[in-house]
Structure formats: C-alpha cells, structure tokens
Amino acid sequence: MRVASEYRLRRRVQFHETDTAGIVHFSWFYRYMEEAEHALWRSVGLSIAPRHATVGFPRVAASFDFHRPLRFEDEFEVHIRIARVGQKSIRYATEVTKDGHSVATGSLTVACIDKRPGAPFRSTPIPSEIAERFEVALPAPDA
C-alpha cells in the first residue's frame, strides 16, 4: 500500500490563465492547488471522485497569499503537503514556486461527506481505506 504526505507538480503557465496585464489571474492558483491535490491522491492509487463513490470531499476553506507574479510560459512547481488528517477532514498546505522563489502560499481544507442517495448532507468520518493512505508531512525546514 502506497502512503504519501506530499506531492510536487511541475507546470507551465498557459495563455488563457493570464489576465490583461499578462499575469496569472489569482483564481488559477486555487486550480493549481486542486490539480496538485488530485495528483497526490493518484500517487497513492486513489481518485478524489471515483464513480459510484459513497463519500465526497467538498472544499470548506481555501486561501492564498501572493508574493510574486507568474506570467505566460513561466515554469513553476506546486508543492502540496498534508498539514492535518482529522477524523472528518483533510487540510493541505501549498507553496507555488518559480526558480526556487516563493510565488504564493496557501491552504485548502476538504471535509468528507456522505454521498449516498438520501443521506443528509453532513460530514462523516473519512473511510479508513482513504485515511490510511495519507500521513501528515513534516513541517518545511524554514517554517
């Protein structure tokens, strides 16, 4: 069984991700974080939204602080790590870097909900077959 605490996703800025100033629009950082999250789940043999899933993971909190701009065709890295695995939620910490410099830092919290037909829309414990695939990452050396 594969277990992960972090994932690094390499990417390049696409033209449609930029605004009229030629800078990546802030909303794309949330998409980058989510793309890295999905890659993290795939790295341990899971999908965050498999067909016929009985649980789902809606976003309940997300934030970013921006430090430098990204521009069209910049190559960058999204580093996502598990900051906390609770009974009913997972919190990620993310850093976007370019050439070793921090571009943005953020966090994302997802809650586990019951998706079965007729079930009330509320949080539920993360199934053990999912929770056991993730472990909290050690803090970054400069944190």
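The values are calculated or read from the model by the stated rules, or taken from the named source; none is laboratory data. All values reported here derive from a predicted model rather than from experimental measurement. When we count neighbours, we look across all protein chains shown, and the Cβ atoms used for this are built from the backbone with ideal geometry, even at glycine. Note: areas computed on protein heavy atoms with side chains; ligands, DNA, RNA excluded. Shrake-Rupley method; radii C 1.70, N 1.55, O 1.52, S 1.80 Å.
Residues in the range 49-69 that are of a type in the set (A, V, I, L, M) and closer than 17 Å to ALA36 by Cα: ALA49, ALA61, ALA62.
Hey, can you tell me all the residues within the range 115-128 that are surrounded by 15 or more Cβ atoms within 10 Å (Cβ to Cβ), over 27 Å from PHE64 (Cβ atoms) and either at pLDDT below 95 or of a type in the set (Gly, Ala, Ser) (or both)? Reasoning before the result, please.
First pass over the range 115-128, keeping only residues surrounded by 15 or more Cβ atoms within 10 Å (Cβ to Cβ): 115, 123-124, 126.
With over 27 Å from PHE64 (Cβ atoms) added as a condition, the list becomes 115, 124.
Matches in the range 115-128: LYS115 only.
When the residues of the range 39-67 are narrowed to those that are open to solvent by less than 70 Å² (accessible area, probe 1.4 Å) and of a type in the set (S, T, N, Q), which ends up nearest to ALA104 (Cα to Cα)? So the residue we want is SER63.
Can you confirm whether the range 17-38 contains a residue that is within 21 Å of GLU129 (Cβ to Cβ), open to solvent by less than 70 Å² (accessible area, probe 1.4 Å) and out of contact with any His (no Cβ under 7 Å at 6 or more places or on another chain)?
Step one: list which residues in the range 17-38 are within 21 Å of GLU129 (Cβ to Cβ), which gives 37-38.
Still in the running and open to solvent by less than 70 Å² (accessible area, probe 1.4 Å): 37-38.
Add one more test, that the residue is out of contact with any His (no Cβ under 7 Å at 6 or more places or on another chain), and what stays is 37-38.
Checked against the condition, which is being within 21 Å of GLU129 (Cβ to Cβ), open to solvent by less than 70 Å² (accessible area, probe 1.4 Å) and out of contact with any His (no Cβ under 7 Å at 6 or more places or on another chain), the range 17-38 yields at least one hit.
Please count how many residues of the range 20-47 are at pLDDT 95 or above and either in contact with a helix residue (DSSP H, G or I) (Cβ under 6 Å, 6 or more places away or on another chain) or assigned to a loop (DSSP other than H, G, I, E, B) (or both). Residues that pass the stated criteria total 8. Every listed requirement among (1) touching a residue at least 40 places away in the same chain (Cβ under 8 Å); (2) of a type outside the set (Phe, Trp, Tyr); (3) open to solvent by 30 Å² or more (accessible area, probe 1.4 Å); (4) closer than 26 Å to ILE23 by Cβ is met by THR94 save one, (3). Do the conditions hold for PRO120, that is, is it farther than 20 Å from ALA36 by Cβ and either part of a loop (DSSP other than H, G, I, E, B) or touching a strand residue (DSSP E or B) at 6+ places or on another chain (Cβ under 9 Å) (or both)? Spelling it out, PRO120 is indeed farther than 20 Å from ALA36 by Cβ and either part of a loop (DSSP other than H, G, I, E, B) or touching a strand residue (DSSP E or B) at 6+ places or on another chain (Cβ under 9 Å) (or both).
The number of residues in the range 73-83 being open to solvent by less than 60 Å² (accessible area, probe 1.4 Å) and over 15 Å from THR94 (Cβ atoms) comes to 1. Residues of the range 60-98 that are under 23 Å from LEU138 (Cα atoms) and of a type in the set (D, E, K, R): ASP65, GLU77, ARG81, ARG84, LYS88, ARG91, GLU95, LYS98. Here LEU70 fulfils each of the conditions (1) open to solvent by less than 40 Å² (accessible area, probe 1.4 Å); (2) more than 26 Å from ARG2 (Cβ to Cβ); (3) at pLDDT below 95 apart from (3).
One residue stands out in the range 52-91 among those that are out of contact with any Phe, Trp or Tyr (no Cβ under 6 Å at 6 or more places or on another chain), in a strand (DSSP E or B) and in contact (Cβ under 8 Å) with a residue 60 or more places away in the chain: the one that is farthest from ILE126 (Cα to Cα), namely GLU75.
Across the range 97-113, the number of residues qualifying as open to solvent by less than 70 Å² (accessible area, probe 1.4 Å) and either at pLDDT below 95 or closer than 30 Å to ARG71 by Cα (or both) comes to 11.
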